[in-house]
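Participant: Can you keep this structure in mind? I'll have questions shortly.
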Amino acid sequence: MNNYLQAIILYAIKKFQGERSVYAIYHMLQGKKSSQTIQDAHLFGLTNIFGTMPVFTRQQLNQNIEQFLKDGFINPTDKTDAYEISGHGEGILAGYLLNNPFPTYLNGWKYQNITPVFWGRLNLLIQTISHIVHNERRFYPIQRNLKIQSFVKEFLHTHRQDRDLIARHLYEELVSLLEGQSDLKRDIFILKLTGVNRIGLTFEQIAKSKEAEEEYVRFMFFDSLHQLLAELGDGADHPLLASLTYDWKRGGNPHLTQSTQTTLQYLLEGRSMGEIAEIRRLKQNTIEDHLVEIVLSDKSFPIHDYVSGEDERDIAAAITELGTKKLKAIMQMVDNKQISFFQIRLVLAKMGDQ
């Protein structure tokens, strides 16, 4: 195996077990907000890599698939463009990940929207404060995004106390969180920061200095940010850092698409799926997609209005026995003409990647 990108693609092929085409991996890495991709991310345990490579191309995917076939890492299935990892491929992947471990905290599904915003705000805030405390008021902002610039200005306006004090508190909060990270992740994070008389390094520059792969460095950086976001909690111990994410947390369920959030509001008002479809002028199966997405995001969401307890148990038993996510196979196993594909998808969503 030549690089970390190949490891990610082979890892996804292993997870899909030949049940999805390789283009599902393309959509997964790009973070496509379609019902199918969102469901696949949850059902096959790939929420970690969701949206982690927005500039990934079909050409890159196809080239790697060709190489995998040539090297004997994967085998074709009877489904078009779908492959299974071979025993040889399993061994190669395991060996590679032993030396280049998979990110522990990576959760592209949960943090894909806030990650660039959080990092942009934090990096610009540190750059701004470091210049202020060194009495250098004029500098070229590392962040050109006007919304991020406006947020940092508002942050400094709100926190009017002594700038040296803010700098010290921000430093203490960051250190307390970074101390719990691996040396590599901590180093990458620090090397990316911009301050007085220093510009944050690119992934390529960091990779060279660390004698590591650029893609691996990029994923470790995401892992570092996601660990920070996961450990901020309610913000009691890290109020300054947590305040950089408050607007994201207040925006309802940040993991649902906007259209699904609207459907959820109607459901909470007691509307039926038919009523919601009519009000919103959407097809019934679109509302069904929304409901599956809601259950994937919140396993405690009640589904008994849509599938009886007995049917849920029968479907769950079939899923467990077959060990597959294929709807037709599950339907045949249950052998109940009253059960719909939608109900099977709901139970799959509730079970998650079990």
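The values are calculated or read from the model by the stated rules, or taken from the named source; none is laboratory data. Treat the numbers as computed from the prediction; the structure is a model and nothing was measured. With ideal geometry, Cβ positions are generated from the backbone for all residues, glycine too; neighbour counts draw on all protein chains shown. With ligands, DNA and RNA removed, areas are computed over all heavy atoms of the protein, side chains included. Shrake-Rupley method; radii C 1.70, N 1.55, O 1.52, S 1.80 Å.
Participant: Helix 258-268 sits at what angle to the longest principal axis of the chain, using alpha carbons and giving 0 to 90 degrees rounded to 10?
Facilitator: 60 degrees
Participant: May I pose another question? For Lys33, what is the net charge nearby, where nearby means another residue's Cβ is under 13 Å from its Cβ and Lys, Arg count +1, Asp, Glu -1?
Facilitator: Within the 13 Å Cβ shell, the charges total -2.
Participant: Let me ask something else about it. If one computes the Cα centroid of the stretch 193-212 and of the stretch 46-67, what distance in Å separates the two points?
Facilitator: The stretch 193-212 and the stretch 46-67 have Cα centres separated by 25 Å.
Participant: So what does His169 come to for accessible area, using a 1.4 Å probe and Å² rounded to 10?
Facilitator: 70 Å²
Participant: When the dipole is taken about the Cα centre of the chain, and only Lys, Arg (+1) and Asp, Glu (-1) are charged at their Cβ, what size is it in debye, to the nearest 20?
Facilitator: 1160 debye
Participant: Using the heavy atoms of the protein chains alone and a 1.4 angstrom probe, what is the accessible area of the stretch 240-299 per residue in square angstrom?
Facilitator: That works out to 51 Å² for each residue.
Participant: Quick one: which residues, 5+ away or cross-chain, put their amide H under 5 Å from the amide H of Glu84? H built at 1.01 Å from N.
Facilitator: Under 5 Å from the amide H of Glu84 lie the amide H atoms of Asn75, Thr77, each far enough along the sequence or on another chain.
Participant: Set Lys and Arg Cβ to +1 and Asp and Glu Cβ to -1, take the dipole of the chain about its Cα centre, and tell me which of Gln205, Met1, Leu98 lies farthest positive.
Facilitator: Towards the positive end, the residue furthest out is Gln205.
Participant: Mind putting a number on the dipole of the stretch 228-354 about its Cα centre? Charges go on the C-beta only, +1 for Lys and Arg and -1 for Asp and Glu, and I need it in Debye to the nearest 20.
Facilitator: So the dipole magnitude of the stretch 228-354 works out to roughly 440 debye.
Participant: Report the calculated FRET efficiency for Asn99 and Gln59 (r = Cβ-Cβ distance, R0 = 41 Å), to the nearest 0.05.
Facilitator: 0.90
Participant: Please get the size of the charge dipole for the stretch 43-163, origin at its Cα centre, with Cβ charges of +1 on Lys and Arg and -1 on Asp and Glu, quoted in debye to the nearest 20.
Facilitator: That gives a dipole near 980 debye.
Participant: Of the accessible area of the stretch 107-152, with the probe set at 1.4 angstrom, what percent is carbon plus sulfur?
Facilitator: Its accessible area is 51 percent carbon and sulfur atoms.
Participant: Give the distance, in whole Å, between the Cα centre of the stretch 1-44 and the Cα centre of the stretch 88-104.
Facilitator: 17 Å
Participant: Here is a follow-up. Taking 22 Å as R0, compute the FRET efficiency from the Cβ-Cβ separation of Ala329 and Tyr23 and round it to 0.05.
Facilitator: Between Ala329 and Tyr23 the formula returns 0.55.
Participant: Same structure again: What full-extension length gain, to one decimal in nm, is calculated for Arg160 and Ala230 as 0.36 nm per residue of separation minus the Cα-Cα distance?
Facilitator: Gain on extension, Arg160 to Ala230, equals 22.4 nm.
Participant: Hey, another quick one. Roughly speaking, what is the stretch gain from Leu268 to Ser243, that is 0.36 nm per residue apart minus the C-alpha to C-alpha distance, in nm to one decimal?
Facilitator: 6.1 nm
Participant: Collect residues whose amide H, placed 1.01 Å from N in the peptide plane, falls under 5 Å from the amide H of Gly195; neighbours closer than 5 in sequence don't count.
Facilitator: Gly200
Participant: Here's a follow-up. Cα axis of helix 58-71 to longest principal axis of the chain: angle in degrees, 0 to 90, nearest 10?
Facilitator: 70 degrees
Participant: So how many Å³ per residue does the convex hull of the Cα atoms of the chain work out to?
Facilitator: 169 Å³
Participant: While we're on this one: With the chain treated as a Gaussian network of Cα nodes joined by springs under 10 Å, which of Ala41, Ala167, Ala12 yields the largest mean-square fluctuation?
Facilitator: Ala167
Participant: Then there's this: Between the alpha-carbon centers of the stretch 236-299 and the stretch 119-146, tell me the distance in whole angstrom.
Facilitator: A separation of 35 Å, based on Cα centres.
Participant: Can you tell me the 0 to 90 degree angle between the C-alpha axis of helix 284-297 and the longest principal axis of the chain, rounded to 10?
Facilitator: Taking Cα atoms only, the helix is inclined about 60 degrees.
Participant: Would you work out what percent of the accessible area of the stretch 241-354, with all protein chains in place, is carbon or sulfur (probe 1.4 Å)?
Facilitator: Of the solvent-accessible surface of the stretch 241-354, carbon and sulfur hold 47 percent.
Participant: Under a 10 Å cutoff between Cα atoms, tell me which one of His131, His42, His304 has the largest fluctuation in the Gaussian network model of the chain.
Facilitator: So, out of His131, His42, His304, the one fluctuating most is His304.
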